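A.B. asks: Quick one: this structure, given as structure tokens, is what I'll be asking you about.
The values are calculated or read from the model by the stated rules, or taken from the named source; none is laboratory data. These figures come from a predicted structure and were not determined experimentally. Here the Cβ is made from the backbone with ideal geometry for all residues, glycine too, and neighbour counts use every protein chain on show. The protein model used for the area step is the full one, side chains on, heavy atoms only, and it has no ligands, DNA or RNA in it. Shrake-Rupley method; radii C 1.70, N 1.55, O 1.52, S 1.80 Å.
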Amino acid sequence: MATRAISVTVEDRPGMLFKTTQVLTENEADIRYVDILHRPTHTEIFFECELPNAVEPVIERLRSIDGVTNAASAPSMSLIYGKRIVIMGGGAQVGQVALGAIAEADRHNIRGERISVDTIPLVGEPELAAAVRAVVRLPRVRLLVLAGSLMGGDIATAIEEVRAEGLIVISLNMAGSVPDAADLVVSDPVQAGVMAVMAIADTAKFDILRQQKRRY
């Protein structure tokens, strides 16, 4: 089945998500992603779904719902933003990892990739552990980089949990137990950013599984 993205603009009132998903269900859509954006005057519901048939009749049916002001096809988020890398930790180290990741992503993106880089400077064990666990709930995230000088405890436990769900984790070489929990440890932050992009880029010949548990 073809993957389709549909943007539905609705009035900000109860029941609109139910009404729109009901139409998709009636058309045998397999919903893979939903995002709800609240604007000052309306709400936009963005769906990505697999449809067995043409999308145009579905859009026309959505437009006929009471409370829907518009519905239209849209490019999928994967086509626009592609795979995501998240970098978190101390501000200075995060900035240096981002420097390498953005430069390397640009090299691959001009060859057809779509790799985006997100950063969040954070300090504190509870805050970082919660952020690590939340990464797997974000769409399209393929890899996490932990950038700091000291991390351990519950952060390391959180890393083991997200790795069990298939997320790749790279750590800077730092004090604490986080490097032991990560897939790969890199001393230079710029190089860590470069290797993070290479690990998920289809246009790179780099197999992170062959580097697992190594330190550079």
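A.B. asks: For helix 16-26, what angle does its Cα long axis make with the longest principal axis of the chain, in degrees from 0 to 90 and rounded to 10?
C.D. replies: 80 degrees
A.B. asks: Considering the options 78, 121, 98, tell which one lies farthest towards the positive end of the dipole of the range 60-122, charges being +1 on Lys and Arg and -1 on Asp and Glu at the Cβ, about the Cα centre.
C.D. replies: Of the options given, the answer is 78.
A.B. asks: With every protein chain present, what is the per residue accessible area of the chain (1.4 Å probe, Å²)?
C.D. replies: Accessible area per residue: 50 Å².
A.B. asks: Then there's this: Take every DSSP beta bridge whose two residues both sit in the chain, then give the antiparallel share in percent to the nearest 5.
C.D. replies: Counting DSSP beta bridges with both partners in the chain, the antiparallel share is about 50 percent.
A.B. asks: A follow-up question, please. Over the chain, what is the relative contact order in percent, taking alpha-carbon pairs closer than 8 angstrom and at least six residues apart?
C.D. replies: Averaging sequence separation for qualifying contacts and normalising by length gives 18 percent for the chain.
A.B. asks: Something else now. If the cut-off is a Cα-Cα distance under 12 Å, which aspartates and glutamates reach residue 83, setting aside same-chain residues fewer than 8 apart in sequence?
C.D. replies: The reachable aspartates and glutamates, counting only those whose Cα sits under 12 Å from residue 83, are 113, 118, 202.
A.B. asks: Still on this model: May I ask which residue of 178, 190, 152 lies farthest towards the positive end of the charge dipole of the range 108-216, with charges of +1 (Lys, Arg) and -1 (Asp, Glu) on Cβ and the Cα centre as origin?
C.D. replies: 190
A.B. asks: Same structure, new question: Can you give the angle from 0 to 90° between the axis of helix 189-200 and the longest principal axis of the chain, with both taken from C-alpha atoms, to the nearest 10?
C.D. replies: 50 degrees
A.B. asks: Give me the dipole magnitude in Debye, nearest 20, for the chain about the Cα centre, with unit charges on the beta carbon: positive for Lys and Arg, negative for Asp and Glu.
C.D. replies: Dipole size: approximately 500 debye.
A.B. asks: How would the range 74-165 be classified by its alpha-carbon gyration tensor: rounded, prolate or oblate, with rounded meaning a/c under 1.5 and the a/b versus b/c comparison settling the rest?
C.D. replies: oblate
A.B. asks: Hey, got the Cα dimensions of the range 156-216 along the principal axes, in Å, largest first?
C.D. replies: 32, 26, 16
A.B. asks: Give the average over all directions of the projected area of the C-alpha convex hull of the range 102-210, one decimal, in nm².
C.D. replies: 6.5 nm²
A.B. asks: Could you work out how far helix 154-164 tilts from the main Cα principal axis of the chain, as a 0 to 90 degree angle to the nearest 10?
C.D. replies: In the chain, helix 154-164 runs at an angle near 60 degrees to the longest axis.
A.B. asks: Sticking with this structure for a sec: Considering the dipole of the chain built from charges on the beta carbon (Lys and Arg +1, Asp and Glu -1) around the Cα centre, which of 199, 45, 130 is farthest to its positive end?
C.D. replies: Towards the positive end, the residue furthest out is 199.
A.B. asks: Same structure again: Can you list which of the GluC sites (Glu not before Pro) found in the range 136-201 are DSSP loop residues with at most 15 other C-beta atoms within 10 Å?
C.D. replies: When the GluC sites (Glu not before Pro) of the range 136-201 are filtered for loop state and at most 15 Cβ neighbours within 10 Å, 165 remain.
A.B. asks: Carbon and sulfur: what percent of the chain's accessible surface (1.4 Å probe)?
C.D. replies: On the chain, the fraction of accessible area on carbon and sulfur atoms equals 52 percent.
A.B. asks: From the helices alone, meaning DSSP H stretches of at least four residues, give me the mean residue ellipticity at 222 nm for the chain, per-run term -39500 (n - 2.57), in deg cm²/dmol to the nearest 500.
C.D. replies: -11000 deg cm²/dmol
A.B. asks: How about residue 213: which aspartates and glutamates have a C-alpha closer than 19 Å to its C-alpha, ignoring those fewer than 8 places off in the same chain?
C.D. replies: Qualifying aspartates and glutamates at Cα under 19 Å: 160, 161, 165, 180, 183, 188.
A.B. asks: Measuring from the lowest to the highest alpha carbon on each principal axis, how far does the chain reach, largest first, in angstroms?
C.D. replies: 59, 37, 29
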